[in-house]
Amino acid sequence: MPAGTTAARARRNKTARAAPAKKWSGRVTRESDALTLESGVFSMRSPLRIARSLKNSAEHSRRRKAGPFQSAMSMLNFFINRAGRKLSPARKRILEQAKDSLRALYGRPARNH
């Protein structure tokens, strides 16, 4: 097949489009302008430890645009939403409990689930 044919052109275009395989959401989690997160914060087993780590990161951040509670909760929600179906039920339960722990640390009312 000559290089100028439609099939050859389609193969080249498909390869060129597939090149940027990096996910923007992973970069946001690592390099967020809002918070500098503790390594492995979202893989911790204790909801309270996750909440304390996020609170600490939010309160020490000089780059956040919102208040510490909103920044910490936003990062936690962002992680849960981006993980989507790949998040196991057990991990999602721990992260949802971390939201409740974060609210408690900031003296915010608990949400009804």
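Please treat every number below as a calculation from the coordinates, not as lab data. Predicted model, so just to flag it, every value in this text is computed and none were measured. Please note: Cβ atoms are built from the backbone with ideal geometry, for glycine as well, and neighbour counts cover all protein chains shown.
Going residue by residue through region 38-51, is there one that turns out to be more than 23 Å from Arg111 (Cα to Cα) and of a type in the set (Lys, Arg)?
no
Residue by residue through region 37-50, note down the ones that are surrounded by 15 or more Cβ atoms within 10 Å (Cβ to Cβ) and assigned to a loop (DSSP other than H, G, I, E, B).
Leu37, Glu38, Met44
How about region 53-90: which of its residues are among the basic types (Lys, Arg) and in a helix (DSSP H, G or I)?
Lys55, Arg82, Arg85, Lys86
Starting from region 56-73, keep only residues that are over 14 Å from Ser101 (Cα atoms), then list their pairs with residues that are among the aromatic types (Phe, Trp, Tyr) and not in a loop (DSSP other than H, G, I, E, B) whose Cβ atoms are within a distance under 9 Å, requiring at least 6 positions of separation or different chains.
Ala58/Phe69
How many of the residues making up region 97-113 are among the acidic types (Asp, Glu) and exposed (fewer than 15 other Cβ atoms within 10 Å of the Cβ)? Explain how you work it out, then say what you get.
Of all residues in region 97-113, those among the acidic types (Asp, Glu) come to 100.
Imposing the further condition that a residue be exposed (fewer than 15 other Cβ atoms within 10 Å of the Cβ) reduces the set to none.
Residues meeting the conditions: 0.
I need the full set of residues from region 74-96 which are of a type in the set (A, V, I, L, M, F, W, C) and over 10 Å from the mean Cα position of the chain (by Cα), in order please.
Leu87, Ala90, Ile94, Leu95
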